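The values are calculated or read from the model by the stated rules, or taken from the named source; none is laboratory data. None of these values were measured; they are calculated from a predicted model. Note that we place each Cβ from the backbone using ideal geometry, even for glycine, and neighbour counts take in every protein chain shown.
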Amino acid sequence: MKVTSLPLAAAAAGVALLSTQPATASPLPHQLSFGDSPSLSTTFSLLSSLTSASLDVFTPRLVQTAHDEAPYWGFPHYLRWKGVRFFDVTDHLDANGQDVLLAHSLLSATSNEKKTSSFPSKLSYQKQVGSVHANISESGPRANIAAFTSFTNRYYKSGSGKQSQQWLLAKVKEITSVDENITVEEFEHPWGQNSIIAKIPATDSKAAEENGRIVVGSHQDSVNLIFPYLPAPGADDDGSGTVTQLESLRALLASGWKPSHSNVEFHFYSAEEGGLLGSQAVARSYAESGKKVRAMSQFDMTAFIKAGTNATIGVITDVVSPELTAFNRLLIEGYLDVPWVDTQLGYAGSDHASWTKVGVPSAFSVEATFGDCNLKRIHTTSDTFTHDEYSFEHILRFSRLSSAFIIELAGWGK
Ligand SMILES: [Zn+2]
């Protein structure tokens, strides 16, 4: 299908579109005055929805698709459709056209040089990690993925994308309500769907200040490849990473864990599919305000085991920190029941890349080698959790990896 025919595809699915109007869509028919002509008002509403959605899709943005390439004006939806991964850097260039995030990277690369290569070469918390792993179970992820995929889509500019964010916010607050020291905040974005950040303070605040934060991340938005406001359950991309993190957080807190020497943050990013927009905004804000991050680990697609293949953990080796990635392999060998396999994703593959750009060591674990990932279903209505290749057992492996990453780096406070 040519990109120019996309609005027609949307019109054919007008009913679905009406239920997922952009957050900025025109008023609903009953708010307009068309006398007693409901068909005219309904038509007007449909047309205005289509117009604002089409404007959204056909507005060019400054994108970057390779590390050594200058940003250029392109269409994010078309790039997604072609399978090209990209940063949308429109809001992150200075007056001279320089990438503000990269400028931060140069600064932090000199000042943090010693710190960034110091990750453990052996595991130290086997007993504590084991106690958390004993608390990890399928019931939470099953219930959470059913609720999280019940929204028409989680597109970052749609009304249902805002509603799914509100659901996630309430869920994170519910899980963290067991400890009054934990804060849950919305990181506000201008497009409607906010990122969510849960902060768990270390028992030794002085050491935490010195060491910097430990961050684990996933993205909450989903998108339909044909037209972004159409249904997109996103059960794997990235509903799986989202429920992976919810279960990791729940099991850690259920085990009485508190970090000892680093503050820990769970990030649920908005607008990854828009060109890493949410994570870029968060990473830039942290870099500009001098908030130190010691390590960041991303979880994007954790559920799929391709029929006829054995379960593995894909370890992404490009646009990551080699030192932190080596530590990630150590965790997989020490704590999981399946092997790791190195794989590459290309530039701007997921939100970890925003942190790499500002000089924070990042790692990224994924459901398989890139070639065996869920590439046929993602960004379509088929990205559900009800098919044979969607594995909750696999999701739990990543919850174990996330909790082990956190405990081994942030410790266990009394
Ligand atoms: Zn994703």
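Could you say whether any residue in segment 189-198 is over 20 Å from PHE148 (Cβ atoms) and away from the ligand (no atom under 16 Å from the Cβ)? Let's see the steps before the verdict.
Initial filter on segment 189-198 (over 20 Å from PHE148 (Cβ atoms)): 190.
Narrowing the set further to residues that are away from the ligand (no atom under 16 Å from the Cβ) leaves 190.
Yes: segment 189-198 contains one or more residues that are over 20 Å from PHE148 (Cβ atoms) and away from the ligand (no atom under 16 Å from the Cβ).
This table checks each residue for (1) in the same structural domain as TYR269 (by TED's automatic domain parsing); (2) in contact with a helix residue (DSSP H, G or I) (Cβ under 7 Å, 6 or more places away or on another chain); (3) within 27 Å of ASN224 (Cβ to Cβ).
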site: LEU331; (1), (2), (3): yes, yes, no
site: LEU336; (1), (2), (3): yes, yes, no
site: TRP340; (1), (2), (3): yes, yes, no
site: SER354; (1), (2), (3): yes, yes, yes
site: VAL358; (1), (2), (3): yes, yes, no
site: SER382; (1), (2), (3): yes, no, yes
site: ILE395; (1), (2), (3): yes, yes, yes
site: SER399; (1), (2), (3): yes, yes, no
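Restricting the search to segment 201-245, which residues are away from the ligand (no atom under 16 Å from the Cβ), hydrophobic (A, V, I, L, M, F, W, C) and part of a helix (DSSP H, G or I)? Don't jump to the end; show me each part of the working.
Kept after step one, since they are away from the ligand (no atom under 16 Å from the Cβ), are these residues of segment 201-245: 201-215, 226-227, 229-231.
If we keep only those that are hydrophobic (A, V, I, L, M, F, W, C) too, we end up with 202, 207-208, 214-215, 226-227, 230.
Matches in segment 201-245: ALA207, ALA208.
Would you check if ALA207 is without any contact (Cβ under 8 Å) to a residue 12 or more places away in the chain, out of contact with any strand residue (DSSP E or B) (no Cβ under 9 Å at 6 or more places or on another chain) and of a type in the set (A, V, I, L, M, F, W, C)? Even if it seems obvious, please write down each step before you answer.
Numbers: without any contact (Cβ under 8 Å) to a residue 12 or more places away in the chain: no; out of contact with any strand residue (DSSP E or B) (no Cβ under 9 Å at 6 or more places or on another chain): yes; of a type in the set (A, V, I, L, M, F, W, C): yes.
Against the criterion (without any contact (Cβ under 8 Å) to a residue 12 or more places away in the chain, out of contact with any strand residue (DSSP E or B) (no Cβ under 9 Å at 6 or more places or on another chain) and of a type in the set (A, V, I, L, M, F, W, C)), ALA207 does not qualify.
Please tell me if ASP351 is under 16 Å from SER195 (Cβ atoms), acidic (Asp, Glu) and in contact with a Leu (Cβ under 9 Å, 6 or more places away or on another chain).
Values: under 16 Å from SER195 (Cβ atoms): yes; acidic (Asp, Glu): yes; in contact with a Leu (Cβ under 9 Å, 6 or more places away or on another chain): yes.
Here the answer is yes, as ASP351 does meet what is asked.
Please go through segment 203-217 and pick out each residue that is among the polar types (S, T, N, Q) and in contact with a helix residue (DSSP H, G or I) (Cβ under 9 Å, 6 or more places away or on another chain).
Scanning segment 203-217 gives a single hit, ASN211.
From the list ALA353, ALA363, pick out the single residue that is away from the ligand (no atom under 13 Å from the Cβ) and either within 21 Å of VAL84 (Cα to Cα) or not in a loop (DSSP other than H, G, I, E, B) (or both). Step through it out loud before you land on a result.
On the way: ALA353 fails: away from the ligand (no atom under 13 Å from the Cβ).
The unique qualifying residue is ALA363.
When segment 328-348 is examined, which residues are found to be surrounded by fewer than 21 Cβ atoms within 10 Å (Cβ to Cβ) and out of contact with any Leu (no Cβ under 8 Å at 6 or more places or on another chain)?
ARG329, GLU333, ASP337, VAL338, PRO339, TRP340, VAL341, ASP342, THR343, GLN344, GLY346, TYR347
Need pairs with beta-carbon distance below 8 Å; first residue closer than 14 Å to ALA348 by Cα and within segment 70-84, second among the hydroxyl-bearing types (Ser, Thr, Tyr); sequence gap 6+ or separate chains.
Hits for this filter: LEU79/THR65; VAL84/THR65.
Which members of segment 192-212 meet the condition of being under 18 Å from the mean Cα position of the chain (by Cα) and crowded, with 20+ Cβ neighbours inside 10 Å? I'd like the intermediate steps shown before the answer.
Restricting attention to segment 192-212, the residues satisfying the condition of being under 18 Å from the mean Cα position of the chain (by Cα) are 192-199.
Across segment 192-212, the qualifying residues are GLN193, ASN194, SER195, ILE196, ALA198.
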